[in-house]
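The values are calculated or read from the model by the stated rules, or taken from the named source; none is laboratory data. As the structure is a computational prediction, the values presented were derived from the model and not from experiment. Here the Cβ is made from the backbone with ideal geometry for all residues, glycine too, and neighbour counts use every protein chain on show. Surface areas here come from the heavy atoms of the whole protein model, side chains and all, with no ligands, DNA or RNA. Shrake-Rupley method; radii C 1.70, N 1.55, O 1.52, S 1.80 Å.
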Amino acid sequence: MAYKDTLYLPKTKFPLWTTRDNGELPYVAKTTDDLYKWQARDPFVLQDGPPYANGSLHMGHALNKILKDTILRFQVLNGRRVQHVPGWDCHGLPIENKALGELGAKAHELEPHVIRAEARKVALREVTSQRNEMRQFGLMANWSDETTYRTMDHAYEIRQLRAFQEMVKCGLISRHYRPVHWSPSSRTALAEAELEYNDKHKSTAVYVAFNLDLDALTPKLGELVTAHGVPRLLVWTTTPWTLPSNMAIAVHNDLEYALLRRTETQDLYLLLQSKAEPIIGEIEVLATIHGKDLVGTRYRPLFSARPSQPLIHSPHVKADKGTGLVHSAAGHAQDDYLVMQALGMLGARGENILSPVGPDGHFTAEVKQLWSDVDGLEGEFVLGKGTALIVHALQERGHLVKSEKFTHSYPYDWRTKQPTIVTATSQWFANIDDLKERAFAALDKVQFVPAGSETRLRSFIRERSEWCISRQRTWGVPIPALFDSEGNALLTPESLEHIIGVLEKHGTGYWWDAPASEFVPPGLSGEYTKSRDTMDVWFDSGTAWTALGAPAAVVLEGSDQHRGWFQSLLLTSLGAGDKGLGVPYKKVVTHGFVLDAQGRKMAKSLGNVISPLTIVNGGPDLKKDPAYGADCLRLWAASVDFGRDMSIGPKVLANTAEAHRKLRNCARFMLANLNDGAETFDPVPRSQMGLAERYLMHEIYGVQKEAHEAYLSLNFPKVVTSLVNFCNVTLSAFYFNITKDTLYADSADAQPRRAALTVFEHVLRTITAVIAPILPHLAEEIHATWQGPHSDLSVFARGWQPLSDEWDDPEVEQDMDALMELRSLVMGLLENARAEKLLKSSLEAHVDLVAPEMTQGNQSELLNLLEKHFDELDSLFIVSRVNLIDKADYEPPSNGQWSFTKALPMQGDLDLEVYVRPSPDGKCNRCWKFTVESSKEICERCEQSLQNV
Ligand SMILES: [Zn+2]
C-alpha cells in the first residue's frame, strides 16, 4: 500500500465548478416553489407592489424582487411563515396603446369591448412572460393564477370599486371643472405621479403690454396717470398660448411697483423697478405705487371687445420672477384657479373658466370668440403653431415688448415622453386635504428604511390637495357615474351599491357593453348616460391592501413610489374609513435606481443596458456575457447599498462572481474533509479544543450574530462583507492552511483531527444558513451534498440554529492576537529564506524561540502563552518543529547552516529572539514534515496513524 493511500485526503462529490444546468437547476424547485408550499402559517406579510405588466424585466425589477425574496427567506429561516402574493399592474395607457397597435386602429374607431379584449390579451401575455423571467431570479413564491394577483382580475376590480364606494361614502370624491395636468399625446388627464419633469424644456417666453381701462383706475393710480401719463401693464408669461384665456392680472399687495419711462422709446410701463432694465433697457422712474393701491384697477383684454378685467392680489406673486404682474388664467393654472375661485370669479361650477383647448391640445372654436381679432388659431396645436401665431399677433399689434427662448423644468407625460399642458376639464377628484392630517398621524407609526425617506413621502403628501382620479381611456376600471339629461352626475353610495352589484355579476366590461338603463338604481326614472371615464391606475394598485386583513409587515419599492404607490396605498386605505386598514403597512423600504458602471441611467439609446436575465443565463457570446447564474445576480443585489442609486457593469459582475466562487470553494473544502458527511467521528467539546479551534468558533459566533442583526436591519452588504472576510481571511488563508497536516495525516480519531472536523461541522452549518437568504441555490447544494438528517428537505427547513454562547470568548481572541503577531514575524523570516531559495516548503524549517531569563515577579504573558499552547505552535507556523529554549541554554545555528533571526520586543527591554533555520531531521515520506530520525522513512506520528488505518 502506497503511503499516499493511507492519508485522509479530502473526498467530495461537490464539484469545483458548476453550470446553471447542473449546479442551480436541480435546486430550483426545492428552494422556490416547494419551499413556499412547505411553509404557510402565521404569516409575515410582504405586500408586493405590482410592476407594470409591460416589457422585459430590467435590473430595477431584479433588484426589487431579490431584496424582497431575501427578506422573506430570512424570515422563513427563522421559523416565520411568510405571505407573498406577487402582483401585476395591468390597466392603463401603455397596454391600451399596445393593443391598439396590434389592432392597427385608433381608439375612437373601435368599440370599447374590442379594445378591452385585446388589451386583456396583451396584459396576460406580458404577465406570463414577466412571470417566467421573475422565476429565474430564484424567488420563493407560489406562482399559480390563484396565488398571484392582477389588477384586472374580476375579484380585484370589485374590491377596488368597493373601496371607491367607501370613499364616496366618506364624501371624498367629487367632480369639478378645473385645470388639470393634461397629456395631449395620451388625450387624458394625468396625476402628479404620472409627470416626469424635463429640465431642458424650451418655452417661448413673452413680455406683453396690456392697456389700462382709463375709466376704471384706482384713485391712487388715477393721480399718477394725471401727473405722468398712461403706462401699460408689462406682464411676463412662458405660456403665450394661454393668453386668450386671460381673466385677470395678479399683483402682490405688499410689493412696490414703478411707473417708469423707457428711455429708448419714451413709452411708459408699470412693473417692478428691479426687473425693468434687463427687459427694456435704460429707464427713468417717475413714481412708485404699492400693489394694494393697484388692486381694483381694470385693463383691456387683448384682441377682444370683451369688458375690461381686474387687477387682483395673489399671494403667489413673487418679486424674483417675471415683472411682478402675472397673467392669470384660471383654466390653465392651479394657483390662478384657486385665487379666482376664492374671489368668486369662476361661478358655482366653474362655468366662467376660459379654456379653449381640446383633448388633442389644439385650439377649439371657442378661441375665436375670445380673440375675435385674431384669425387662424382654431385647430392649431397650442405648443406648436398656436404659440407662434400668438407671438406673431402680439408683435403685429404692438403688444409684444420682448420674446425669448426660456429653458426650464417642464412636466412631461411619463409614458409618452411628450410635454403636457394644464387645461380645464371636468374630472373626478379625491379630496386629499381632508385626509392629510390622518395620513401624517398614521405615518408616525411606520418605520422607514432608509430613515430619511419618510420626509420625501410626507412632503409629496403635503404638496398635494386633490388627486385627479379620472382618465379618459377605455382600458381600466370604470368610474361608474351616470349623468342625467341636464348633465348632472349621479355618483352616490346607493347608486354604486346597485351598479357594483351588476358589475359583480357580469364583470366590469359590462359597463361598456350594456345600456345605461341597466345601471340606473331602482326608484329613479328618466334618461341617463354612462360616464366614459376610467380610474387612474394608481388608484388600481393603491387598493391592493383590500386583499389583506391587516397592515402588511413590509412594503419595498423604488424611491419613485413615494409619489406613487406608497401614497396611493395609504390614501385609499385611509379614505375607505372603517373599511380600510388605517395605515396599510408597518415598514416602508425604498431602493434607488440601478445605473451603469459610469453611473449613467441605462437606456437602449446609450447601449448600456444590462439585462438581469443575461446575467443569469449568459448572452449569445458567453465569453463576453458569461452565465453567472441567479445566485451571482443575487449576491450583487445583496452587496449594494440599495438605499442609494447603484452601479453595475462587467467588472462589478466579474468581482461578484469571484466572491461567489471563493465562498463556494470554502464550503467545498470543509465538505470534502467531512467526506460529505460520511465521516463519522466523536465531536470534541470546547474544553478539549486547542486555541485555533476555539478562536475559529469565537469568530464564526461573531459572524453569525452580526449577520443576524444585519439581516434584521436590512443591511445586506454587512452580511456579505462579514461572511466574505471570514471565509477568505480566517478560514481560507489561515485555518485551512494550519490544519491541513492534522486533517490529512493524524490518526482518524486523533483528538486534534476530530476537533478540526467538529469546527468544520459548526462552521459549515452556520455559513450555509447565513448565505441561504442571499444564495439559496448554493446553500441548498451544500446542504444536499452534506448527507445528514433532513438533507432531503430544503436547507430553510433546518433553520438558523444559533451557536451556543459558550463560543463567545474574547480571551481566546486576545491570546490569538498576541500569537498572530509572532506568527507574522515567523512568516516574514520564512519568506526571506524562500526569497533566497533556501527552502521551498515552510515544513523544511524549524523555529527556535529563545526566551530571555525571567526573574520572579517578571513573568511574561507571551512566554506563558507560548508554554500554554506549545503543542500547537508548529501547525500555527506551518513548520516541522518549534523549540522554546532559555537563552542560557541556546546555541545559535552554526556557520555551515543558514538562518534568519529577528527579535520580538516583550515587556521592558526584554526580547524574544526568533530563529528560522533548516530542520536537522529527515523528511517523512507520508506527511512531508521534516521530523524523522535518519534511520526511518516516516515520522512517529505517521507510524501511529498507520497502526490505526
Ligand atoms: Zn509523517
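Along the positive direction of the dipole of the chain (beta-carbon charges: Lys, Arg +1; Asp, Glu -1; about the Cα centre), which of 470, 393, 617 reaches farthest? So the residue furthest toward the plus end is 393. Here the chain is treated with +1 on each Lys and Arg Cβ and -1 on each Asp and Glu Cβ, and its dipole about the Cα centre works out to around 2200 debye.
Averaging the sequence gap over all C-alpha pairs within less than 8 Å and six or more residues apart, then dividing by the number of residues, gives the stretch 842-918 a relative contact order of 46 percent.
Rounded, prolate or oblate: pick one for the chain, where a ≥ b ≥ c are the square roots of the eigenvalues of its C-alpha gyration tensor, a/c under 1.5 means rounded, and failing that, prolate if a/b is larger than b/c, else oblate.
prolate
Residue 202 to residue 793: FRET efficiency via 1/(1 + (r/R0)^6), r the Cβ-Cβ distance, R0 56 Å, to the nearest 0.05? Write out the running numbers ahead of the final one.
Working: r = 64 Å, r/R0 = 1.14.
Approximately 0.30, to the nearest 0.05.
The charge dipole of the stretch 842-918, taken about its Cα centre with unit charges on the Cβ atoms of Lys, Arg (+1), Asp and Glu (-1) only, comes to about 180 debye.
Could you give the size of the charge dipole of the stretch 618-755 about its Cα centre, using +1 on the Cβ of each K and R and -1 on the Cβ of each D and E, expressed in debye and rounded to the nearest 20? Show your work: numbers first, answer last.
On the way: 16 positive and 16 negative charges, 56 e Å.
Dipole size: approximately 260 debye.
Just in the stretch 6-87: which chymotrypsin sites (Phe, Trp or Tyr not before Pro) are loop by DSSP and have at most 11 other Cβ atoms within 10 Å? Loop-located and lightly packed - 17. Per-residue packing, averaged as other Cβ atoms within 10 Å, sorts the ranges 873-883, 243-253 into the order 243-253, 873-883, beginning with the highest. Contact order, relative form, for the chain: 14 percent (alpha carbon pairs under 8 Å, 6 or more residues apart, mean separation divided by residue count).
Entry note, the stretch 202-409: relative contact order of 28 percent, from Cα contacts under 8 Å with a spacing of 6+ residues. The residues neighbouring residue 345, those whose beta-carbon lies less than 15 Å from its own, together hold a net charge of +1 under the Lys/Arg +1, Asp/Glu -1 convention.
Got a number for carbon plus sulfur as a percent of the chain's accessible area, 1.4 Å probe? Before the final figure, lay out each step's value.
Values: 20170 of 40580 Å².
Carbon plus sulfur share of accessible area: 50 percent.
With just the Cα atoms defining each centre, how far is the stretch 109-159 from the stretch 465-529? Give it in Å. So the two Cα centres are separated by 25 Å. Zone of residue 214 (label point 7 Å along Cα→Cβ, backbone N under 12 Å): which residues in the stretch 298-339? Backbone N within reach: none found. Of the peptides 158-165, 815-822, the order by per-residue mean of other Cβ atoms within 10 Å, starting with the highest, comes out as 158-165, 815-822. When 177, 711 are compared by accessible area at a 1.4 angstrom probe, the order from most to least is 177, 711. Can you figure out the FRET efficiency of residue 402 with residue 441, using R₀ = 45 Å and their beta-carbon distance, to the nearest 0.05? So the FRET efficiency works out to roughly 0.35. When both bridge partners sit in the chain, DSSP labels roughly 70% of those beta bridges antiparallel.
I need the calculated FRET efficiency for the pair residue 622 and residue 434, taking r as the beta carbon distance and R₀ as 51 Å, to the nearest 0.05. Between residue 622 and residue 434 the formula returns 0.30. Once the Cα-Cα distance is subtracted from the 0.36 nm per residue extended length, the residue 266 to residue 871 segment shows a gain of 207.3 nm.
Taking every protein chain into account, the 1.4 Å probe leaves residue 898 with about 50 Å² of accessible area, to the nearest ten.
Scanning the chain for DSSP H helices at least 24 Å long along the axis (C-alpha atoms) with a Kyte-Doolittle mean no lower than -0.5 picks out 59-77, 650-673, 691-712, 751-771, 810-835. With 0.36 nm allotted per residue and the present C-alpha distance subtracted, the residue 748-residue 254 stretch has 168.4 nm of extension available.
7 Å from Cα along Cα→Cβ at both residue 365 and residue 451: what's the point-to-point distance in nm? Using points 7 Å along Cα→Cβ, the separation is 6.4 nm. Beta bridges from DSSP with both residues in the stretch 842-918: antiparallel share about 65 percent, rounded to the nearest 5.
Stretched out fully, how many nm does the piece from residue 227 to residue 934 gain, at 0.36 nm a residue minus the Cα gap? The partial results should precede the final answer.
On the way: separation 707, 0.36 × 707 = 254.52 nm, distance 12.59 nm.
Gain in length upon complete extension: 241.9 nm.
What is the sum of charges, Lys and Arg at +1 and Asp and Glu at -1, for the other residues whose Cβ falls under 15 Å from the Cβ of residue 296? Here the charged neighbours net out to -1.
Rolling a 1.4 Å probe over the heavy atoms of the protein chains gives the chain an accessible area of 43 Å² per residue. Heavy-atom accessible area, probed at 1.4 angstrom with all protein chains present, ranks 396, 679 as 396, 679, highest first.
In terms of packing, defined here as the mean over residues of other Cβ atoms within 10 angstrom, the peptides 282-295, 729-742 line up highest first as 729-742, 282-295. Note down the accessible area of residue 121, probe 1.4 Å, to the nearest 10 Å². Residue 121 exposes around 130 Å² with every protein chain in place.
In order along the stretch 347-353, the phi-based Karplus estimate (6.51 cos²θ - 1.76 cosθ + 1.60, θ = phi - 60°) of 3J(HN,Hα) comes to x, 4, 10, x, 5, 8, 5 Hz; Gly and Pro are listed as x.
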